[in-house]
Amino acid sequence: MARRPLLRGETLPLLGRVWREWLRPHRGTLAVVLVLIAIIGAATGLYPALIKGAFDAFDHKDPSALTYGPLIVIAITSIRGFALFGQTVLTNRVVTRVEADMQAALYGHLIDSDLAQLGRESPAAFTQRFTTDFAFIKEALTRISTVLLRDLAMLIALVVALLWMDPVLTLVAGVVVPFVAGPIGRIGKKLRRVSTTTQEQMGLTASLITESLQGARIAKTYALESYLKGRASGAFDTVRRLKMKAANARGRLDPLMEIGGGFAVAAVLVLVGQRVMSGDRTVGDFTGYVAALLLAAQPARALGTLNAILQEAGAALHRYFALMDEAPRIREKPDAVPLVITGGEIRFEEVRFRYREDAPALEGIDLTVPAGATVALVGRSGSGKSSLLNLVPRLYDVTGGRVLIDGADLRDVTIPSLRAAVAVVSQDVVLFDDTIAANIGFGRPGATRAGIEAAAEAAAAHGFITRLTEGYEFRVGPSGGRLSGGERQRISLARAFLKDAPILLLDEATSALDSESERLVQGALLHLMQGRTTLVIAHRLSTVRDADMIVVMEAGRIIETGTHDALMASQGGYARLHRMQLSGDAEEPAAP
């Protein structure tokens, strides 16, 4: 009766996809749920017949009605109660399992996504999808069983009872349905639009909060508290207004159902009352019919409000599948082969790369990094150094040209074998909220404790680790917040030592450290670089003067190459950067 507007628009194919991909493996359990729902519907449909029979028996002064009537009522309500319990438990079991599986799939997809894909939204916005969006999805999946199926079964059973008791009156009561169904469908469309906007705005608000808290030090230093409070207040108010729109739309459903039901009951009261008074119908007929009609009002109202829930879930499912269907750009060829390192030579041939069509980052890079050599990349900010570094482990793919390791095009080798051959140490140290041993052990899964400690020793980290109360079992906290910057960097270095990869990428690994920490880390880095092909970006030019080759970059191009002494003698771009750094020129500072 109300089913057609419930699943209109895009919601039906989205729910169909949820069935195919997530619910189908649970079809055995769901079949049991359907049986229980049928029992609930049948038991509900018997209520009016029991009431009619009881009142008719009372009219005929039948004493057996006082004996058998209550027993039958207790039996039917007990069956219905146990069926309701079983249906609720099994439904929640399936829904929570599907929710967890969908969340795990989304997380896996995000972890496998390219940096370009992940960069379009903040981590907080992605996190919000696991909370708010899945709350709508879980609610809809639960209601499909508890409302759409169960209440629909109850409604069908009650309509059958109504038709059995009086077909003409049932048709009169049904005249109200088309007048109620139309507005319900229109409200559902509006709710879908509002829900989509609300979910997006909540993601932006979550990003704003995370950004503000992460930047608390700068906010306090620059007295930005009032600005941040005002910005957050505006975001919260936008979410509030959108929620009010949704609440107002949902709020129209109950009055529609209530008024429509009132008209139906009023019409029935008049017609049935006239028949009872004229002797055509008994009091049992009247009582049973009105009881059935009133019982039918609850599932009918629930089916009407279900439209709102399904439309909100439809918006969440659209966001979910839109993200899941976005294939990573960095993909492995079907015929890719494992990378075999024979020396570790890296060669860039006519490499071009851009993050966006209007933003070229690298243009015509030709560079060979000899096996076992250390090559330093220097230049002002935005010159393309980090972009070049990111191409080696295929965090991005070239727009033109190619990158080769020992003669093998990176696009022709398997991604796991490529990344196993590369270790990265950067100024942005990533530590997970786990033990120190675990964070070092990520360098080589399955490493022994002896191997982890040896790597820490090589990274000049063993000393401070053993001074901690829990030693290697010390939990570093979120993002390593319980350790100092120098300690975090040495943990990162230990991870690289443990990985023991033939190619090493150093991205300003010491730029954010104090002098003492830099001295310790720099010594460990020199040890780590021995015998490895190393590409290094350095903020302080003094740290790369002993590199085998220095590459000077500007505006995505290489403008100079050579040793420190040769470049200083040529008095070109490198010498200019060197002079500016020594003089501390504030107008055009040297940058990585």
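Listing for the model above:
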{"quantity": "Cross-chain or 6+ apart pairs with Cβ under 8 Å, region 308-336 first and more than 16 Å from H109 (Cα to Cα), then of a type in the set (G, A, S) and part of a loop (DSSP other than H, G, I, E, B)", "calculated": "Q311/G9; G314/G9"}
{"quantity": "Test set (1) at pLDDT below 90; (2) under 36 Å from the mean Cα position of the chain (by Cα) - V351 fails condition number", "calculated": "(1)"}
{"quantity": "Candidate set: region 111-121, residues that are out of contact with any Asp or Glu (no Cβ under 7 Å at 6 or more places or on another chain) and touching a residue at least 24 places away in the same chain (Cβ under 8 Å); chosen: the one surrounded by the fewest Cβ atoms within 10 Å (Cβ to Cβ)", "calculated": "D112"}
{"quantity": "In region 122-145, residue surrounded by the fewest Cβ atoms within 10 Å (Cβ to Cβ) [restricted to those that are touching a helix residue (DSSP H, G or I) at 6+ places or on another chain (Cβ under 6 Å) and under 24 Å from A42 (Cβ atoms)]", "calculated": "T142"}
{"quantity": "Filter result for the condition that a residue is more than 32 Å from the chain's Cα centre (by Cα) and in contact (Cβ under 8 Å) with a residue 40 or more places away in the chain, over I503, I491, I436, I465", "calculated": "I503"}
{"quantity": "Any pair with Cβ under 7 angstrom, 6 or more apart, that starts in region 418-429 at a residue that is free of Cβ contacts under 8 Å to residues at least 12 places away in the same chain and ends at one that is part of a strand (DSSP E or B) and surrounded by fewer than 22 Cβ atoms within 10 Å (Cβ to Cβ)", "calculated": "none"}
{"quantity": "Scope region 361-380; condition part of a strand (DSSP E or B) and crowded, with 17+ Cβ neighbours inside 10 Å; matching residues", "calculated": "A361, L362, E363, I365, L367, V369, T374, V375, A376, L377, V378"}
{"quantity": "Scan of region 421-453 for residues that are assigned to a helix (DSSP H, G or I), buried (at least 16 other Cβ atoms within 10 Å of the Cβ) and touching a helix residue (DSSP H, G or I) at 6+ places or on another chain (Cβ under 8 Å), ordered by number", "calculated": "I436, A437, N439, I440, G441, G451, I452, E453"}
{"quantity": "Failed item in (1) among the hydrophobic types (A, V, I, L, M, F, W, C); (2) touching a Gly at 6+ places or on another chain (Cβ under 6 Å); (3) at pLDDT 75 or above, with F55 passing the rest", "calculated": "(3)"}
{"quantity": "Residue that is nearest to the chain's Cα centre (by Cα), among those in region 528-538 that are in contact (Cβ under 8 Å) with a residue 24 or more places away in the chain and surrounded by fewer than 18 Cβ atoms within 10 Å (Cβ to Cβ)", "calculated": "M529"}
{"quantity": "Some residue of region 564-578 being under 24 Å from S381 (Cβ atoms), at pLDDT below 80 and outside any loop (DSSP other than H, G, I, E, B)", "calculated": "yes"}
{"quantity": "Unique match (being over 19 Å from S484 (Cα atoms) and in a helix (DSSP H, G or I)) among L418, L404", "calculated": "L418"}
{"quantity": "Any chance I405 is crowded, with 22+ Cβ neighbours inside 10 Å and under 12 Å from V340 (Cα atoms)", "calculated": "yes"}
{"quantity": "All positions within region 353-375 that are out of contact with any Pro (no Cβ under 7 Å at 6 or more places or on another chain) and not hydrophobic (A, V, I, L, M, F, W, C)", "calculated": "Y355, R356, E357, D358, P360, E363, G364, D366, T368, P370, G372, T374"}
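Here's the yes/no breakdown for (1) among the polar types (S, T, N, Q); (2) surrounded by fewer than 15 Cβ atoms within 10 Å (Cβ to Cβ); (3) within 29 Å of the chain's Cα centre (by Cα); (4) not in a loop (DSSP other than H, G, I, E, B):
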position: E332; (1), (2), (3), (4): no, no, yes, no
position: G343; (1), (2), (3), (4): no, yes, no, no
position: Y355; (1), (2), (3), (4): no, yes, yes, yes
position: L388; (1), (2), (3), (4): no, no, no, yes
position: R394; (1), (2), (3), (4): no, no, yes, no
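Here's the yes/no breakdown for (1) within 13 Å of V551 (Cα to Cα); (2) in contact with a helix residue (DSSP H, G or I) (Cβ under 9 Å, 6 or more places away or on another chain):
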| residue | (1), (2) |
| --- | --- |
| P334 | no, no |
| L339 | no, yes |
| G343 | no, no |
| F353 | no, yes |
| D358 | no, no |
| T368 | yes, no |
| T374 | yes, yes |
| G384 | yes, no |
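Here's the yes/no breakdown for (1) closer than 17 Å to F136 by Cβ; (2) of a type in the set (F, W, Y); (3) modelled with pLDDT under 85:
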| position | (1), (2), (3) |
| --- | --- |
| L71 | no, no, yes |
| A75 | no, no, yes |
| A83 | no, no, no |
| L90 | no, no, no |
| R93 | no, no, no |
| R97 | no, no, no |
| M102 | yes, no, no |
| L110 | no, no, yes |
| L115 | no, no, yes |
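The values are calculated or read from the model by the stated rules, or taken from the named source; none is laboratory data. Values in this document were obtained by computation on a predicted structure and should not be read as measured data. Reconstructed Cβ throughout: ideal geometry from the backbone, glycine too, with neighbour counts over all protein chains shown.
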